[in-house]
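Some notes on the structure that comes next.
Readers should treat all values here as calculations from the given coordinates under stated rules, not as data from a laboratory. The structure presented is a predicted model; accordingly, all values stated were derived computationally and were not measured. Note: ideal-geometry Cβ built from the backbone for every residue, glycine included; neighbour counts use all protein chains shown.
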Amino acid sequence: VRIASGALKQLGSFTRLAVGPRRVALVSDRRVASIYSERALRSLRRAGIQCALVTLAPGERSKTTAALERLWLEFAALELDRDDAVVALGGGVIGDLAGFAAATWLRGIAWICVPTSLLAQVDSSVGGKTAIDLAQGKNLVGAFHQPAGILVDPTTLATLSPRQFRAGLAELVKTGMAVDAGLFEWVEANHGRLLRRDPAALRAAVSRSLRAKARVVRSDEREREGGGRSALNYGHTLGHAIEAAGGYRGLLHGEAVAIGMRVAARLSVRLAGLGATEERRQDRLLDAFGLPDQIPAIPLDALIGAMARDKKRQAGAVRWVLTPRVGHASVPRLISDRQVRVALLEAGARA
Ligand SMILES: NC(=O)c1ccc[n+]([C@@H]2O[C@H](COP(=O)([O-])OP(=O)(O)OC[C@H]3O[C@@H](n4cnc5c(N)ncnc54)[C@H](O)[C@@H]3O)[C@@H](O)[C@H]2O)c1
Ligand SMILES: [Zn+2]
């Protein structure tokens, strides 16, 4: 993992060092590519790597089988072989999709992750989870496939839209709430600097958050039953259901997770002994970041149905990650549909 301002200019030498490929497929979305692909291609070529750019439509709706097939066909046209590599330049969507394409191409070739969104820089770039969505649920088809290297250039965050920037802050709050009380307190104390995109604060947030996530992933890479990694799904049971039930057209991932965390905290107060003050601290921080608190107008049954189809399901009830204290989320526990229903109604879901 290399985190440095201007790191994008070192992409070529970084890739050479991490993989040493002859050819590279540089995968990006059209928005990110329009700003950063030239810089990336120039650096790769300067390092003597042959490369071709493949771009997709921006946004969650590119995490599909159709987009995946498109990448495979491009890899075939490029004749990518086992010693070649995929470079994912973009947010979490591009990382998840291009990472999965790399995991499946020739039964797995190397990939380099170059996260450009805040969400990807503080969260999705580390951990090796790759996937696409189905109408039936988020991330249902995927693989664990660790990138050979992660190159983070925090200066790319300057061009992110305010809404996308705020969505990334949600995962930062999540990592604090779930596994790192120190990070949570730091985010609380520095929320103004973060909102202003103060470069030093962003660098610190990215490195603290990635370090926290890496520590958890190292202890439980495959998210085993009873392992620690599942704590990072805090806020995601409801978050994923909101995204899937909305056809991936409504709220952004980080926004849906923010709502999921509000309900998870409420359930944690009720069922896991979280202090009401701690719940308020979380919600105040989400408010300060301008993250939503209203469950979208999705009928309650559709939400419960989407949770039931989520892979975190077990018979009769839904698995939720709750936390008794800031930074100490526990393994998921089964919460009855009835309790979930009550919590959702209290949070303003439509009956
Ligand atoms: N693999 C994991 O562990 C993991 C963890 C968390 C989230 N995720 C996944 O990540 C996805 C969300 O990621 P995301 O929020 O980055 O979405 P995204 O990849 O769609 O990026 C968000 C938007 O910002 C734009 N963008 C990105 N970088 C930019 C830049 N520097 N300047 C201007 N525009 C830029 C993109 O074009 C896109 O429109 C979800 O699919 C989620 O499931 C994966
Ligand atoms: Zn997430």
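Does Gly168 qualify as being buried (at least 21 other Cβ atoms within 10 Å of the Cβ), without any contact (Cβ under 8 Å) to a residue 24 or more places away in the chain and at negative phi? Break it down into steps so the answer makes sense when it comes.
On the way: buried (at least 21 other Cβ atoms within 10 Å of the Cβ): yes; without any contact (Cβ under 8 Å) to a residue 24 or more places away in the chain: no; at negative phi: yes.
No.
For Gly127, the conditions (1) within 12 Å of ligand 2 (Cβ to nearest atom); (2) free of Cβ contacts under 8 Å to residues at least 60 places away in the same chain; (3) on the phi > 0 side of the Ramachandran plot are fulfilled apart from (2). When you go through (1) under 13 Å from the mean Cα position of the chain (by Cα); (2) within 14 Å of ligand 2 (Cβ to nearest atom); (3) farther than 28 Å from Glu278 by Cα one by one for Gly142, which number turns out not to apply? With (1) under 13 Å from the mean Cα position of the chain (by Cα); (2) within 14 Å of ligand 2 (Cβ to nearest atom); (3) farther than 28 Å from Glu278 by Cα applied to Gly142, the lone miss is (1). Summed over segment 100-119, residues that are more than 13 Å from the chain's Cα centre (by Cα) and either assigned to a helix (DSSP H, G or I) or surrounded by fewer than 24 Cβ atoms within 10 Å (Cβ to Cβ) (or both) total 11. Within segment 190-203, the set of residues being over 18 Å from the mean Cα position of the chain (by Cα) and aliphatic (A, V, I, L, M) comprises Leu194, Leu195, Ala200, Ala201. Val269 meets each of the listed conditions (1) more than 15 Å from Val331 (Cα to Cα); (2) under 18 Å from the mean Cα position of the chain (by Cα); (3) surrounded by fewer than 24 Cβ atoms within 10 Å (Cβ to Cβ) apart from (2). Taking (1) within 12 Å of ligand 1 (Cβ to nearest atom); (2) out of contact with any strand residue (DSSP E or B) (no Cβ under 6 Å at 6 or more places or on another chain); (3) assigned to a helix (DSSP H, G or I) in turn, Arg215 satisfies each apart from (1). Considering segment 120-168, the residues that are part of a loop (DSSP other than H, G, I, E, B) and polar (S, T, N, Q) include one that is nearest to ligand 1 (Cβ to nearest atom), namely Ser161. If you go through segment 320-344 and keep only what is surrounded by 20 or more Cβ atoms within 10 Å (Cβ to Cβ) and part of a loop (DSSP other than H, G, I, E, B), you end up with Val321, Leu322, Thr323, Val326, Ala329, Pro332.
To keep it simple, each residue is scored yes or no on (1) in a helix (DSSP H, G or I); (2) in contact with a Cys (Cβ under 7 Å, 6 or more places away or on another chain); (3) within 29 Å of Gln164 (Cβ to Cβ); (4) not aromatic (Phe, Trp, Tyr).
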residue: Leu11; (1), (2), (3), (4): yes, no, yes, yes
residue: Thr15; (1), (2), (3), (4): yes, no, yes, yes
residue: Val24; (1), (2), (3), (4): no, yes, yes, yes
residue: Val27; (1), (2), (3), (4): no, no, yes, yes
residue: Arg31; (1), (2), (3), (4): yes, no, yes, yes
residue: Glu38; (1), (2), (3), (4): yes, no, yes, yes
residue: Ser43; (1), (2), (3), (4): yes, no, yes, yes
residue: Cys51; (1), (2), (3), (4): no, no, yes, yes
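Is it fair to say Leu238 is out of contact with any Ser or Thr (no Cβ under 9 Å at 6 or more places or on another chain), in a helix (DSSP H, G or I) and more than 12 Å from ligand 1 (Cβ to nearest atom)? Judged against the criteria, Leu238 is a match.
Starting from residues that are in contact (Cβ under 8 Å) with a residue 12 or more places away in the chain and over 18 Å from the mean Cα position of the chain (by Cα), keep the ones in segment 58-67 and report whichever is surrounded by the fewest Cβ atoms within 10 Å (Cβ to Cβ).
Going through segment 58-67, the residues in contact (Cβ under 8 Å) with a residue 12 or more places away in the chain turn out to be 58-65, 67.
Imposing the further condition that a residue be over 18 Å from the mean Cα position of the chain (by Cα) reduces the set to 65, 67.
Details: Thr65: 11, Ala67: 21.
Among those that are in contact (Cβ under 8 Å) with a residue 12 or more places away in the chain and over 18 Å from the mean Cα position of the chain (by Cα), it is Thr65.
Per the conditions (1) under 20 Å from Gly348 (Cα atoms); (2) away from ligand 1 (no atom under 16 Å from the Cβ); (3) not polar (S, T, N, Q), the sole criterion not satisfied by Gly260 is (2).
Would you pick out the residues in segment 223-235 that are among the aliphatic types (A, V, I, L, M) and either more than 12 Å from ligand 1 (Cβ to nearest atom) or within 21 Å of Gly305 (Cα to Cα) (or both)? Lay out the reasoning, then the answer.
Of the residues in segment 223-235, the ones among the aliphatic types (A, V, I, L, M) are 231-232.
Residue satisfying the conditions is Ala231 alone.
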